[in-house]
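Asker: Here it is, the structure, as structure tokens.
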Amino acid sequence: MILGPVGDRTGWKVEGAVALFLVVFPSLLGLFGAGTDLGTRILILGLFGIGVDLIFGFTGLLSFGQAAFYGTGGFVTANLLIRHIVPSTLGALAIGTLVAALAGAFVGSLALRQVGIYFAMLTLAFGQLFYFLENSPLRAFTGSENGLPGVPKPVFALGPWTLDATTSIGMYAFVAAIYFGGFFIARRIVRSPFGAVLRAIRENPERASAVGHQVPRYKLVAFTLAAAYGGLAGGLLGIFQGYMPPEAFSIDQSGEIIVMTVIGGPGTLIGPLVGAGVWTLLRQGLQNVDAIAGIWKLILGLVFIVLITGFRRGLAGGAIAFWARLRAAR
Amino acid sequence: MTALLEARELTKRFGGLTAVDRASLTVDEGTITALIGPNGAGKSTFFKLLAGEIEPTAGEVVFRGRHITGLGVARVCRLGIGKSHQITQIFPNLTVTENLVIPALAARRGSFRADVFASLRRVDGLADLVARTLAEIGLTDRADVRAGALAYGEKRRLEIGLALATQPQLLLLDEPAAGMSPAETAGTVALIQRLRAGVTIVIVEHDMDVVFGLADRIMVMQNGATIAYGTPAEIRADARVREAYLGGADE
Amino acid sequence: MIEAQLLNGVALGSILALVALGLTIIFGLLGFVNFAHGGLFAVGAYAGWLAYTRYDSYLLGILAALGVTFAVGIVIERLLIRLYYRRPKEDQILVTFGLGIVLVEIVRALFTGQNKLVPTPPWASGAVQLADLVYPQYRLDVVGIVAVTLVVVWAIIFKTRLGLIVRAGIDDALIVEMLGIDIGRAFMLVFALGACVAGLAGFVDAPILALTPDVGTAVLVQSLVVIVIGGVGSFGGAIVGGIVAGEIISLTSVFAPDWAQVALYIAMALVLLVRPQGLLGVVGRA
């Protein structure tokens, strides 16, 4: 008898596939005339999205304020590096992630007192709150509308090799390594008993409670984890761009990451990566076709609507389900 | 026999409506108690009070000598009361096995653990509990089916299974045979008979054959209040009960 | 000095109330969360701008804004919205959010992303002296427009058969249908009503805002603040919420300008935590 979700049957195959993909991704991009930097950007959004998938895809919590943590992690990390408070890039990222997680615990402890649409609106309110805090009262630390330029890129000495993140491919490798780490951890989380309870909460929170689980605590931990992922991704964004943008806090950012997760497929962990890829590449690709350059977002909006209405599994989710059916038929 | 559960003068008011009116019940360990009464008598509300789903306006619930009023449904479950609902409440997109894993996880590992890196395989006794429950409710050959795709009768059995997998000492069954065919109902009765050895049961039912066939004690409610309590024979002979049902349900 | 700020808050608040009104009509009567509200606002603003600048008539602008968004409302209700009445609230939020994006992008495609300037109508240009504050005439006129709109909408909801049907249908759709009344049609008309009020707000607000397609998101968020504070599903709530929000912005702008927007969202969060149905709202609507 197999215990646990479908994914449990896969052993390490999914991790292996993702690792393989990460290695060949730059080459794939090259084939289509896109640069490695685009891949890095997609990975950062994909990492942000892993957190969103944890709370939305796995726990059923729709939050419109995740950008608050993306921005918090980003600006904390950027500040630490720019002001040379923490010499190590990884150290700054760790602290940025931790602060974002604390922010997540704080916001979650309040927002999770409500459910459904009130919860969604609370997260939206907090998201906006963070955005305007960045914009005005905290502008000494955030540069307000201008953001924070001058975030240094790291160079790592790994024994005989050097990982030079000032180069495109070096930065990609750095981000890809962190993405893989984040993905690996997320896979452990969702396949754990904790992850099983999250799924139950998504399906029927009242019953999950009725059979003995402290649902509010599970939600809070999940929410905090999602904030951590957002914060880590935000920190990487600043390092990647050499500049931390205030838009990281915007409601548009919160909305976009949800769109990406839905398009890619909620509850798959790789869904956000797929969604981010579709979003970014479509935007990039259509730029070059003059006639329809301006409507990439319109197309994505329509795709989003179609998927929500009839294909809740999203692109990756649908592909996985299709694959599962093929294997079952053998 | 010791009193496992005591409901003392439970009252529940919703605004102007008194759904449960000073209803009391003592349940002895190892017995099957049936709760009957006409529609709107307050049986389901009374059940919800017992399970901790809602809080009483007055009165209290004592379980194994411990006051459990107001503890909330998760705590009450962990203390040993499991409930199967009148309206099926399963986890539709999880398989049957995965459905049973959920209550079993709480039973084997507690109501909350942030064990984000642990493995399901290593939860002590989990596989065993799930397998036993599957066998108990007769869904072993449907173990990997998506719960939402089950037939109605199978869903009802899973519903009971979810309560069973919490390893309760007291099992509350709210109309377990609701909507079932005669054959399925017989199967449910057989299941309850098998279960009685290990768990005390309180059951709400409308089917009088089921009730009189299973129960050691019967509690009759009407308009939120208890109008009779006793052995099946006593209840059968009770004039108030007959009146409440306006011509009687069986015989 | 304080009186001027208070007045400013009322004027600001009435605009916010008008903008939020379309959202609360749909939420209050249909129990439906319409995150496409900002998109409808943008559609109305641009439709009105087109008519206004082409025919040099403010009135035509209003009619265009109302007409176009009413039609858009009918179309999206028939095609999409009615598939969602029984779906979970999260799905309603998501699909209308997507719809909002689509509407904004359509506007952007048709009109390009450049700012459009909508001039104040000549009969409302100039300023009025109120105590020591010089106030734009148009903003005061907007208060009047808002008042008229509120009365008209109130009459439609509470004094017509349509309104009665919808209000009954919220409570028990089955009974209404059994009486032979087409509840689906009633829902469609209410949705379109909410949509066209959003569109009207878009055009009325246009001379005050810089008109870009992206104005929709900010509007949606502000509208949510207003109906949260005032009360979801309550018309009085839209007014009260608008004025409270307006006062919060207006007064904090004086005392702690950096915190004006932050204060607004703190207020929203507080209401959601302490009294989620809002100041005038009814429990159970959401």
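Asker: What distance in nm separates the simple spin-label points at C:Arg78 and B:Arg240, each placed 7 Å from Cα in the Cβ direction?
Answerer: Going by the 7 Å Cα→Cβ label model, 6.2 nm.
Asker: Per the Kirkwood definition applied to all pairs of different Cα atoms, how many angstroms is the hydrodynamic radius of chain C?
Answerer: 19.1 Å
Asker: Of the peptides A:92-100, B:139-147, C:258-266, A:39-47, how do they stack up when ordered by the mean number of other Cβ atoms within 10 Å, highest first?
Answerer: Put in order of decreasing packing, that is A:39-47, A:92-100, C:258-266, B:139-147.
Asker: For region B:126-241, what number results from the quotient of the Cα radius of gyration and 2.2 N^0.38 Å?
Answerer: Region B:126-241 yields a ratio of 1.18.
Asker: Using DSSP, restrict attention to beta bridges with both residues in chain B and report what percent are antiparallel, rounded to the nearest 5.
Answerer: 55 percent
Asker: Measuring from label point to label point, each 7 Å out along Cα→Cβ, what is the C:Asp182 to C:Arg167 span in nm?
Answerer: Here the answer is 2.3 nm between the modelled labels.
Asker: For region B:1-91, rounded, prolate or oblate, judged on the Cα gyration tensor with a ≥ b ≥ c (square roots of eigenvalues), a/c < 1.5 rounded, else prolate if a/b > b/c?
Answerer: rounded
Asker: Taking each residue of A:110-117 in turn, how many C-beta atoms of other protein chains fall within 10 Å of its C-beta, and what is the average?
Answerer: Values: counts 4, 3, 0, 4, 4, 2, 6, 11.
Counting Cβ atoms of other protein chains within 10 Å of each residue's Cβ and averaging gives 4.
Asker: Moving on. Specify the angular offset, from 0 to 90 degrees and rounded to the nearest 10, of the alpha carbon long axis of helix C:89-111 from the longest principal axis of the alpha carbons in chain C.
Answerer: Its long axis makes an angle of about 50 degrees.
Asker: Then there's this: Rounded to two decimals, what is the ratio between the C-alpha radius of gyration of chain B and 2.2 N^0.38 Å? Can you show the working numbers first?
Answerer: On the way: Rg = 18.3 Å, N = 251, 2.2 N^0.38 = 18.0 Å.
Compared with the compact-globule rule of thumb, chain B sits at 1.02.
Asker: Sum up the charges of everything whose Cβ sits under 9 Å from the Cβ of B:Gly230, counting Lys and Arg as +1 and Asp and Glu as -1, but leave B:Gly230 out.
Answerer: -1
Asker: Enter the per residue convex hull volume of the protein assembly as shown, computed from alpha-carbon coordinates, in Å³ rounded to the nearest integer.
Answerer: 195 Å³
Asker: Counting only other chains, and only Cβ atoms inside 10 Å, what mean value do you get across the residues of A:308-318?
Answerer: Mean shielding by partner chains, rounded to a whole number: 2.
Asker: Shifting gears a bit: Once you list every other residue whose beta carbon is under 12 Å from the beta carbon of B:Phe117, what net charge do they have if Lys and Arg are +1 and Asp and Glu are -1?
Answerer: +4
Asker: Let me ask something else about it. Quick one: go through region A:113-145 and flag any residue whose amide nitrogen is under 20 Å from the point 7 Å out along the Cα-to-Cβ line of A:Arg83.
Answerer: Hits in region A:113-145 for A:Arg83 at 20 Å: A:130-145.
Asker: Still on this structure, I have one more. C:Tyr55 to A:Val115: FRET efficiency via 1/(1 + (r/R0)^6), r the Cβ-Cβ distance, R0 45 Å, to the nearest 0.05?
Answerer: 0.35
Asker: Right, something else. Using 24 Å as the Cα-Cα cut-off, could you pick out the over-long pairs in B:Lys83/B:Lys155; B:Lys12/B:Lys83; A:Lys219/B:Lys12; A:Lys153/A:Lys297?
Answerer: Listed pairs above 24 Å: A:Lys219/B:Lys12; A:Lys153/A:Lys297.
Asker: Between A:Ala140 and A:Val306, what FRET efficiency follows from the Cβ-Cβ distance if R0 is 41 Å, with the result rounded to 0.05?
Answerer: After rounding to 0.05, the efficiency reads 0.35.
Asker: Arrange the peptides A:14-26, A:257-269, C:82-94 so that the one whose residues have, on average, the most other Cβ atoms within 10 Å appears first.
Answerer: Final packing ranking: A:257-269, C:82-94, A:14-26.
Asker: Further question on the same structure: Under 10 Å, Cα contacts only: if you run a Gaussian network model on chain B, which one of B:Val96, B:Val116, B:Val202 comes out with the highest mean-square fluctuation?
Answerer: Of the options given, B:Val116 has the highest mean-square fluctuation.
Asker: Does a label point 7 Å from the Cα of B:Val62, set along Cα-to-beta-carbon, have any residues of region B:1-45 with amide nitrogen under 19 Å, and which are they?
Answerer: Under 19 Å, as judged by backbone N against the label point of B:Val62, lie B:1-11, B:22-31 of region B:1-45.
Asker: For chain C, set up a GNM with springs between Cα atoms under 10 Å and report which of C:Ala192, C:Ala47, C:Ala168 has the largest fluctuation.
Answerer: C:Ala168
Asker: Work out how much length B:Glu6 to B:Asp216 would gain on full extension: take 0.36 nm times their residue separation and subtract the Cα-Cα distance, in nm to one decimal.
Answerer: On the way: separation 210, 0.36 × 210 = 75.60 nm, distance 1.64 nm.
Gain on extension, B:Glu6 to B:Asp216, equals 74.0 nm.
Asker: Same structure again: Using a cut-off of 13 Å between beta-carbons, work out the net charge of the residues near A:Leu298 (Lys and Arg +1, Asp and Glu -1, A:Leu298 not included).
Answerer: Values: positive: A:Arg283, A:Lys297, C:Arg108; negative: C:Glu105.
Local net charge: +2.
Asker: Taking a ≥ b ≥ c as the square roots of the eigenvalues of the Cα gyration tensor of region A:6-250, is the shape rounded (a/c under 1.5), prolate (a/b larger than b/c) or oblate?
Answerer: oblate
Asker: Under the definition of partner shielding as Cβ atoms of other protein chains within 10 Å of a residue Cβ, what is the mean value for peptide A:82-92?
Answerer: Taking all residues of A:82-92 together, the mean is 0.
Asker: To continue, here is another question. Hey, rough spin-label estimate for C:Asp214 and A:Ile185, points 7 angstrom out along Cα→Cβ, what's it come to in nanometres?
Answerer: Placing both labels 7 Å along Cα→Cβ, they lie 3.2 nm apart.
Asker: Another question, then. Multiplying the sequence separation of A:Leu98 and A:Ala19 by 0.36 nm and subtracting their Cα-Cα distance, what value in nm do you get?
Answerer: Working: separation 79, 0.36 × 79 = 28.44 nm, distance 2.57 nm.
The A:Leu98-A:Ala19 span can extend by a further 25.9 nm.
Asker: Could I ask something else about it? With axes computed from alpha carbons, what is the tilt in degrees of helix B:152-164 against the longest principal axis of chain B, rounded to the nearest 10 within 0 to 90?
Answerer: That helix lies at roughly 80 degrees to the long axis.
Asker: With n ≥ 4 as the cut-off for DSSP H runs, can you work out [θ] at 222 nm for chain B, using -39500 (n - 2.57) per run divided by the number of residues, rounded to the nearest 500?
Answerer: Dividing the helical sum by the residues of chain B leaves -10000 deg cm²/dmol.
Asker: What FRET efficiency do you get for A:Val289 and B:Arg13 if R0 is 56 Å and r is their Cβ-Cβ distance, rounded to the nearest 0.05?
Answerer: 0.25
Bear in mind these aren't lab numbers, they're just calculated from the coordinates by the rules spelled out. All figures in this text were calculated on a predicted structure; none of them were measured in a lab. Here Cβ is always computed from backbone atoms with ideal geometry, including for glycine, and neighbour counts include all displayed protein chains.
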